[in-house]
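Report on one structure; see the data block that follows.
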């Protein structure tokens with residue numbers, strides 16, 4: 001893990017500290033530029049809205065992708081097969097081995113876009129908590145990533161899921177907490193009482 | 001105007017009083033059943049979310065239609081012609097004579113659905129303020145309609161418009177106030193600091 | 001059934017004859033204006049595309065609604081409940097009693113729009129064959145409706161269902177034939193080897 | 001250009017020959033596996049439908065991305081700015097310098113997904129003809145790409161654009177020919193008289 005921005009002088013988050021920071025040596029807090037913003041949160045926590053607000057307030061153009069982009073890119077049959085991804089009636093999302101293979105290549109590709117010079121916002125749902133984050137960490141390597149946790153009280157997220165009307169009911173509740181287990185962040189925002197734009201401005205203030 | 005529910009003993013709103021209530025005679029506040037809920041508010045004020053929450057919390061099934069349903073039903077050419085509807089670059093919506101003809105028939109049809117026994121939620125944008133409301137009043141006649149104003153502070157609605165990402169920027173601001181001019185309500189809700197579900201529960205409590 | 005346009009001198013279809021035409025008396029084939037075009041066909045037979053092409057080629061503006069508009073207007077819970085509508089894994093669509101109640105009001109409302117002066121195209125799936133058509137006939141009464149059957153070979157419709165990617169696989173096959181059982185038409189088109197626009201022009205030529 | 005599959009013994013297309021094939025040396029037509037299928041054609045030529053059919057008929061899971069995925073990932077402001085992408089009223093698409101920068105990174109990322117082991121279908125519109133293809137060639141390098149031209153008669157594509165109803169009218173006509181200028185293919189399909197599934201099967205037969 002080579003993330004100078006996560007070291008002491010740069011940290012602005014009360015979230016769990018990067019457990020690998022001892023590997024980082026002396027932090028360099030100067031001219032590093034954020035190349036990727038990774039938003040992690042449960043369904044209906046407000047990640048996509050924050051991503052769009054970030055695109056609007058950041059001076060440079062940023063590309064925004066999400067796990068929904070990946071699911072949309074998969075064969076229709078993968079969305080209901082045991083090997084792919086399954087949305088259980090209670091909103092639980094079950095991911096199979098073939099999903100993992102495609103996801104790994106997807107993550108490598110998104111990292112390659114950032115290496116090629118695009119600023120990239122990723123909107124993710126770490127169903128596996130820390131294990132999910134590690135998959136991204138390995139792919140992003142030396143890239144300067146701002147890791148952002150997007151929280152929302154479970155009951156509020158569940159109500160917003162109903163208001164949206166385009167999600168399997170139950171996903172918000174089943175994901176609200178598990179996606180943050182063991183995950184470290186540079187910054188956390190909470191949409192329970194804050195607007196997407198407000199959260200986006202908080203995040204944008206951390207971008208270099 | 002035959003709206004027993006708007007008369008004194010029934011009113012629960014601080015909004016402008018129905019100016020035609022003197023025509024109503026003695027109010028009957030007993031067994032009348034709400035047949036239609038009409039939500040009026042500017043773009044991105046949160047009407048659709050409230051409508052979906054109402055559908056979730058009300059015990060009977062309610063149909064939900066909006067001005068978007070009508071626009072979607074129109075020929076593509078109507079969406080950019082002077083005679084139809086035009087979305088100006090600054091978000092202003094300009095409506096032409098052919099739009100008005102189709103809209104009048106649409107309103108009659110929605111009222112007919114309610115008369116035929118369906119519970120109907122309508123999600124509207126009264127671009128003409130009081131004049132728009134009168135078009136609905138004439139069509140709904142004796143039906144028991146709950147008129148609901150959906151407010152949202154202009155700046156917040158504009159930020160939510162950006163977060164949604166699927167609207168012409170500027171609509172939220174240009175509509176926030178004008179749609180309420182001269183309009184009377186049985187009830188008003190404000191989404192600036194309240195969730196859609198919370199507003200829906202407030203409205204549902206007024207349904208008979 | 002008062003449908004002058006279905007009588008001898010006007011018929012241009014080889015489809016099953018209107019069984020109620022003996023009630024019509026002497027046909028009047030002069031100045032009657034088509035007020036509604038009802039397209040009936042299975043899923044992925046191409047109805048919506050034909051409807052949009054009709055809107056483009058007909059000189060007056062026509063509103064286009066479909067059974068999808070109704071389903072979209074229903075509460076989310078109705079889309080998966082026994083009382084509402086259910087999409088079985090094999091593509092079969094099962095409709096419950098509460099769906100029927102709302103559908104009846106919807107049909108009355110669409111007929112009211114046509115009576116109020118709007119030209120209306122309806123894109124329907126007569127899951128109940130002749131019984132479904134009778135529900136529409138009772139509602140439209142004296143309106144001048146052009147009944148159009150939209151056919152498509154089952155295998156071709158199934159392949160287009162895959163190409164569209166937004167439908168439950170199997171609907172095209174399970175509906176291809178049953179929706180036409182016992183239904184009479186003024187005109188039939190077949191999209192197996194004809195483009196939507198071509199079919200629309202054939203239909204438009206029958207509009208008065 | 002290292003594309004063994006384009007050399008003599010493998011070519012199955014009457015399309016323009018790869019002008020760089022002299023660089024390829026002796027072709028190896030044995031065990032190479034297709035890693036990417038690149039479909040190029042004008043708007044409404046049927047590329048997305050073919051991509052979904054390919055996903056359905058190919059035995060392995062393939063990811064499908066298109067230029068629409070990229071446009072969707074861009075900031076909303078890029079979709080109407082001179083620096084980004086602009087959809088002129090006549091359907092012409094004008095692309096600015098900032099679009100090109102993000103597009104280059106996107107192409108690198110998609111190539112990286114294929115290198116990481118994902119099978120990838122790309123659905124593209126080579127607005128710049130041969131110059132657009134060269135951008136992809138440089139990025140894909142040694143990957144085994146099947147270059148597929150998707151043709152459709154201009155008038156038919158324009159009619160399908162109307163039937164779809166979700167595209168800026170005029171794109172189909174303005175793109176039908178220019179996107180193929182100077183582009184070489186391994187295979188060409190024509191959707192004018194062929195179904196998406198039929199074209200997909202033709203393409204799938206060339207996949208190793």
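Report yes if residue D:64 is within 18 Å of the chain's Cα centre (by Cα) and within 28 Å of residue D:36 (Cβ to Cβ), otherwise no.
Criteria met by residue D:64.
For the range A:85-112, name all the residues that are in contact with a strand residue (DSSP E or B) (Cβ under 8 Å, 6 or more places away or on another chain) and more than 28 Å from residue A:32 (Cβ to Cβ).
Correct list: A:85, A:86, A:87, A:88, A:93, A:94, A:95, A:96, A:99, A:102.
To keep it simple, each residue is scored yes or no on (1) away from chain B (no Cβ under 14 Å); (2) surrounded by fewer than 16 Cβ atoms within 10 Å (Cβ to Cβ).
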{"position": "A:138", "(1), (2)": "yes, yes"}
{"position": "A:151", "(1), (2)": "yes, no"}
{"position": "A:165", "(1), (2)": "no, no"}
{"position": "A:188", "(1), (2)": "yes, no"}
{"position": "A:195", "(1), (2)": "no, no"}
{"position": "A:206", "(1), (2)": "yes, no"}
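Name the residue that is modelled with the highest pLDDT, counting only residues in the range C:58-80 that are farther than 21 Å from residue B:65 by Cα and out of contact with any strand residue (DSSP E or B) (no Cβ under 6 Å at 6 or more places or on another chain).
Ranking the qualifying residues of the range C:58-80, first place goes to C:58.
Being touching a helix residue (DSSP H, G or I) at 6+ places or on another chain (Cβ under 9 Å) and either under 17 Å from residue D:122 (Cα atoms) or not in a helix (DSSP H, G or I) (or both) is the filter here; which residues of the range D:198-208 pass it?
Passing the criteria: D:199, D:200, D:201, D:203, D:204, D:206, D:207, D:208.
Using the structure shown, decide if residue A:121 is farther than 27 Å from residue D:50 by Cα and assigned to a strand (DSSP E or B).
Here the answer is yes, as residue A:121 does meet what is asked.
Could you pull out the residue among D:130, D:116 that is within 22 Å of residue D:207 (Cα to Cα), surrounded by fewer than 24 Cβ atoms within 10 Å (Cβ to Cβ) and either within 7 Å of chain A (Cβ to nearest Cβ) or without any contact (Cβ under 8 Å) to a residue 60 or more places away in the chain (or both)?
The unique qualifying residue is D:116.
Please state which one of D:155, D:159 is surrounded by fewer than 16 Cβ atoms within 10 Å (Cβ to Cβ), within 13 Å of chain C (Cβ to nearest Cβ) and free of Cβ contacts under 8 Å to residues at least 60 places away in the same chain.
D:155
Among (1) part of a helix (DSSP H, G or I); (2) in contact with a helix residue (DSSP H, G or I) (Cβ under 8 Å, 6 or more places away or on another chain), there is one condition residue C:184 misses while meeting the rest; what is its number?
All conditions pass for residue C:184, except number (1).
Identify, by number, the condition in (1) at pLDDT 95 or above; (2) touching a strand residue (DSSP E or B) at 6+ places or on another chain (Cβ under 9 Å) that residue A:115 doesn't meet.
(2)
All but one of (1) surrounded by 22 or more Cβ atoms within 10 Å (Cβ to Cβ); (2) at pLDDT 95 or above hold for residue B:171; state the number of the condition that does not hold.
(2)
Looking only at the range D:150-176, count how many residues are part of a loop (DSSP other than H, G, I, E, B) and touching a helix residue (DSSP H, G or I) at 6+ places or on another chain (Cβ under 7 Å).
Here the count works out to 4.
Within the range B:126-143, can you find the residues that are out of contact with any strand residue (DSSP E or B) (no Cβ under 7 Å at 6 or more places or on another chain) and assigned to a loop (DSSP other than H, G, I, E, B)?
B:128, B:129, B:141, B:142
I need a count of the residues in the range D:74-111 that are under 25 Å from residue A:48 (Cα atoms) and under 18 Å from the mean Cα position of the chain (by Cα).
Residues that pass the stated criteria total 11.
Just wondering, is there one or more residues in the range C:30-40 that are within 14 Å of chain D (Cβ to nearest Cβ), within 23 Å of residue C:193 (Cα to Cα) and in contact with a strand residue (DSSP E or B) (Cβ under 6 Å, 6 or more places away or on another chain)?
There is at least one residue in the range C:30-40 that is within 14 Å of chain D (Cβ to nearest Cβ), within 23 Å of residue C:193 (Cα to Cα) and in contact with a strand residue (DSSP E or B) (Cβ under 6 Å, 6 or more places away or on another chain).
The values are calculated or read from the model by the stated rules, or taken from the named source; none is laboratory data. Just so it is clear, the structure is predicted and the values come from calculations on it, not from any experiment. Ideal geometry is used to build each Cβ from the backbone, glycine not excepted, and the neighbour counts take in all protein chains shown.
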